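Peer 1: Below you will find the structure I want to go over with you.
The values are calculated or read from the model by the stated rules, or taken from the named source; none is laboratory data. Computed from a predicted model, the values in this text were never measured in an experiment. Virtual Cβ from ideal backbone geometry, glycine too; neighbours counted across all protein chains shown. Side chains are part of the model used for accessible areas, which takes the heavy atoms of the whole protein and leaves out ligands, DNA and RNA. Shrake-Rupley method; radii C 1.70, N 1.55, O 1.52, S 1.80 Å.
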Protein chains: 2
Amino acid sequence: MNTHAMSKLQDSCEKNGPLCIGLDTDPSYIPQEVLRAYTSPSEAVFAYNKAIIERSAGNTGCYKVQIAYYEAMGIAGLQAYAQTLKAVKSSGVPVIADIKRGDIADTARAYARAHFTGEFEADIITVNPYMGFDTLEPFLDFTKSAGKGFFVLLRTSNPGMIDIEKLPLADGGIVLDAVGKKLNSIADEYRPHFINATCSPVGAVVGCTEESDALALREAYPEVFFLIPGYGAQGGAARIAAALLGKVGGTVNSSRGILTAWKKLPTADSGSLTMDDIANAAAEAALQSKVELLAAKKEYWKL
Amino acid sequence: MNTHAMSKLQDSCEKNGPLCIGLDTDPSYIPQEVLRAYTSPSEAVFAYNKAIIERSAGNTGCYKVQIAYYEAMGIAGLQAYAQTLKAVKSSGVPVIADIKRGDIADTARAYARAHFTGEFEADIITVNPYMGFDTLEPFLDFTKSAGKGFFVLLRTSNPGMIDIEKLPLADGGIVLDAVGKKLNSIADEYRPHFINATCSPVGAVVGCTEESDALALREAYPEVFFLIPGYGAQGGAARIAAALLGKVGGTVNSSRGILTAWKKLPTADSGSLTMDDIANAAAEAALQSKVELLAAKKEYWKL
C-alpha cells in the first residue's frame, strides 16, 4: 500500500481546512419543534447530520462521529450511527469514529473488525492505550492490510487528565510520554510501508487546553498527525490549536459549538425553527471556525 | 438506597460460587453444523447464550457480556447483545456489561445512559479510568440514583499491562496505585449511602496472572470487590484466583474455556453436534470451574 487514511486526512485538511466537525449529535441539541417533525429522535439525529454534511462540504477536513451519543439511543441510535458514517463516506472526506476502545488482544481484534469493516466501518478510529501496547496490534494489522488509521489518546482535554496522563514517572517525564514514545516508534516502523504517505498512520489525540505544552507536544512528535479536541464549546482557544496545527498538522474538532449554533439565532426561542434553519446555522458556524483556525494558524506560524 | 448492584453480586457469588461466565460469544466458537441451523450468526450466538444461561443456573455468580464480539456483528449483533442482557436478568443473577468505556464528562454521561438505562441496561459495567477520575462521575451518579455498580480497570491480565499500569512513579508506587487509591476513597465516600452493602459499589478488574502481586492487591483494597480475568483459557491458575477471592472477594471470569468446551468432546469433529451438545459441554465446564475455584479458595485460605 502506498498511503493510508491518516495521510488522506492530512491532505483533506490541507485542501478543506483544519476543522473536524464533531457529530456528537444528542437529540437535546435539536430544538423540540424540529424533533417533533420526525418519527423518532434517532431519525431526527440522522437527518440533522445529513443536512450538516451536505452544507459543510469544502469547509471541513473530516467528520468525527462520537458513538456514545448513538449507543445512548439503543439499536435505533446505532442505525443512525451507521447511516451517518455512510453519509460522510459519500461526501468524499474521511470519517473518524470516536470510539476510544481498548481491550486485550482477542477482544481488540473484535473491536477492529467491528469498526474497520462491516456496517460500522470507519476510515480512522480513536483508541485508548491504557491496557498496554499489545492492545494496539489488532488495529495496526488493519493499517497494514487496509490502510486504516487510528488516533491514540495522548493528552486529553478534560481537567482529569492530570490524574494519570500527567503523573510524574520515576525515570523522568510523565505517563503520556510513554505513550508518545510508542507513537514515534510506530511512525518509524510503518514509514517504509507507505512510501507516498506524509505522516504516520497512527495519530494522537492532543487537546488544545494549555498553551504551555502545545508547542512542546507538536515538536516532540514530528510525524504524528493530531486530533485536537477542546476548541470552542470546551473552552480551548484558537491560538493553542494553532500551535498544534503547525508542521505535520492536525484536525481541530468542534462539536457542540457547531451542533447548537442555532441557539444564537434571533429566532432560537420562537418555536418555529426548521431543519433547514438549524443546519444552516451549523454550516455557518463551521465556516466561521474554519476561517478563525486558518487565521490563527497563519498568525502563529507567521505564514 | 440501602444496597447496590456490587453488593448483590457479592451475595450471588457467596450463594452460587465465584465463577463469572463470560459470554464473549464469537460465532467462531460455535461449530459450523450448529451455526447452519440458524438464519444468521447473531441468532446462533443468542441461542447459544440462552442455552448456557438456562443450564448454568446455580453454578455461576453472574454473567459478563463482552460487547466487542457483538459490535463486530453490526446491528444484528447488538440486538443479540440486548437479548442476552435480558436473558441474564430473567435468570436472577447480575449481568456485567464488559464495555470498558471511558471518555470526558458529557460523553461519559451518554455512555452511562447507554449502559445503565434502556435496551442495553446492565447491572454493572466495566470502565477505563485512563482519562482521569472526572470521567467516573457520570457512572457514580447512577450508583447513587439507581444502585448501579462498575468495575474500574486496575491490573489487567494482558502482557502489555507493564507498558502503563506498572510504570514506576516519581513519588513511589506504580501507575495502578493511583487508580487504586481513588477506588479506596470512593469506597469511603459511598459507605454511608448504602448501609446494608458489604462492599464498595465500585469494584476493580484484577487479573489472576501473577502470584507475586495477587495477595498484596487483595490486602490493599479491603472493600473493593474484584472482577478477575485471566483464569482458564488466558492461562491464569486457580491458586492465584483464590488469593484474590479472599476477604471481600471477587468473581472469576472464564469465557473461552466454557464457550469452546465442546472442542474436548469425543464427537467434536463429527460434524453432528447440536446446540444441546455444545450448551451441555459449556454448562459442564462451568460446573467444573466452580468446583475447582471453590476448592482452590478453601485450600488457599485454609477455610
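Peer 1: Within the stretch B:223-245, is there a residue that is closer than 19 Å to B:THR25 by Cβ, open to solvent by 30 Å² or more (accessible area, probe 1.4 Å) and more than 20 Å from the chain's Cα centre (by Cα)?
Peer 2: no
Peer 1: Please go through the stretch B:93-134 and give me each residue that is surrounded by fewer than 24 Cβ atoms within 10 Å (Cβ to Cβ) and on the phi > 0 side of the Ramachandran plot, ordered by number.
Peer 2: Within the stretch B:93-134, B:GLY118, B:GLY132 meet the criteria.
Peer 1: For the stretch A:186-205, how many residues are away from chain B (no Cβ under 13 Å) and under 18 Å from the mean Cα position of the chain (by Cα)?
Peer 2: Total satisfying the criteria: 6.
Peer 1: Go through B:LEU183, B:LEU215 for me and flag whichever is within 14 Å of chain A (Cβ to nearest Cβ), more than 17 Å from the chain's Cα centre (by Cα), in a helix (DSSP H, G or I) and among the hydrophobic types (A, V, I, L, M, F, W, C).
Peer 2: Going through B:LEU183, B:LEU215 in turn, just one is within 14 Å of chain A (Cβ to nearest Cβ), more than 17 Å from the chain's Cα centre (by Cα), in a helix (DSSP H, G or I) and among the hydrophobic types (A, V, I, L, M, F, W, C): B:LEU183.
Peer 1: Next question. Determine the pairs where a residue that is among the aromatic types (Phe, Trp, Tyr), located within the stretch B:158-176, has a partner that is modelled with pLDDT under 95 and open to solvent by 30 Å² or more (accessible area, probe 1.4 Å) with Cβ atoms under 8 Å apart, the partner being 6 or more residues away or on another chain.
Peer 2: Sorted first by the residue in the stretch B:158-176, then by its partner, the list stays empty.
Peer 1: Condition first: open to solvent by 40 Å² or more (accessible area, probe 1.4 Å) and either under 18 Å from the mean Cα position of the chain (by Cα) or under 25 Å from B:LYS148 (Cα atoms) (or both). Now tell me which residues in the stretch B:47-89 satisfy that.
Peer 2: Answer for the stretch B:47-89, where residues must be open to solvent by 40 Å² or more (accessible area, probe 1.4 Å) and either under 18 Å from the mean Cα position of the chain (by Cα) or under 25 Å from B:LYS148 (Cα atoms) (or both): B:LYS50, B:GLU54, B:ALA57, B:GLN79, B:GLN83, B:LYS86, B:LYS89.
Peer 1: Sort out which residues of the stretch A:186-212 are in a loop (DSSP other than H, G, I, E, B), within 24 Å of A:ILE164 (Cα to Cα) and among the hydroxyl-bearing types (Ser, Thr, Tyr), and write them in order of number. Please lay out each step first, then the result.
Peer 2: Going residue by residue through the stretch A:186-212, those that are in a loop (DSSP other than H, G, I, E, B) are A:194-201, A:207-210.
Now restrict to residues that are within 24 Å of A:ILE164 (Cα to Cα): A:207-210.
Result: A:THR209, single match.
Peer 1: Separate question: How about the stretch B:138-157: which of its residues are touching a residue at least 12 places away in the same chain (Cβ under 8 Å), open to solvent by 10 Å² or more (accessible area, probe 1.4 Å) and either at the interface with chain A (Cβ under 9 Å from one of its Cβ atoms) or hydroxyl-bearing (Ser, Thr, Tyr) (or both)?
Peer 2: Within the stretch B:138-157, B:SER157 is the sole residue that qualifies.
Peer 1: From the residues in the stretch B:89-135 that are of a type in the set (A, V, I, L, M) and in contact (Cβ under 8 Å) with a residue 40 or more places away in the chain, which one is farthest from the other protein chains (Cβ to nearest Cβ)?
Peer 2: Filtering the stretch B:89-135 for residues that are of a type in the set (A, V, I, L, M) and in contact (Cβ under 8 Å) with a residue 40 or more places away in the chain, the one farthest from the other protein chains (Cβ to nearest Cβ) comes out as B:VAL93.
Peer 1: Now, a different point. Condition test on B:TYR38, is it buried (at least 24 other Cβ atoms within 10 Å of the Cβ) and either away from chain A (no Cβ under 13 Å) or within 16 Å of the chain's Cα centre (by Cα) (or both)?
Peer 2: Values: buried (at least 24 other Cβ atoms within 10 Å of the Cβ): no; either away from chain A (no Cβ under 13 Å) or within 16 Å of the chain's Cα centre (by Cα) (or both): yes.
Against the criterion (buried (at least 24 other Cβ atoms within 10 Å of the Cβ) and either away from chain A (no Cβ under 13 Å) or within 16 Å of the chain's Cα centre (by Cα) (or both)), B:TYR38 does not qualify.
Peer 1: What is the number of the single condition among (1) surrounded by fewer than 21 Cβ atoms within 10 Å (Cβ to Cβ); (2) closer than 26 Å to A:HIS4 by Cα that A:THR251 does not meet?
Peer 2: Tallying (1) surrounded by fewer than 21 Cβ atoms within 10 Å (Cβ to Cβ); (2) closer than 26 Å to A:HIS4 by Cα, A:THR251 fails exactly one: (1).
Peer 1: Next question. Out of B:LEU303, B:LEU273, I need the residue that is at pLDDT below 95 and in a loop (DSSP other than H, G, I, E, B). Which one? If you could, list the steps in order and put the result at the bottom.
Peer 2: On the way: B:LEU273 fails: at pLDDT below 95.
One residue alone meets the criteria, B:LEU303.
Peer 1: Still on this structure: Here are A:ALA97, A:ALA114, A:ALA108, A:ALA146: which of them is hydrophobic (A, V, I, L, M, F, W, C), in contact with a Pro (Cβ under 6 Å, 6 or more places away or on another chain) and modelled with pLDDT of 95 or more?
Peer 2: Exactly one of A:ALA97, A:ALA114, A:ALA108, A:ALA146 is hydrophobic (A, V, I, L, M, F, W, C), in contact with a Pro (Cβ under 6 Å, 6 or more places away or on another chain) and modelled with pLDDT of 95 or more, namely A:ALA108.
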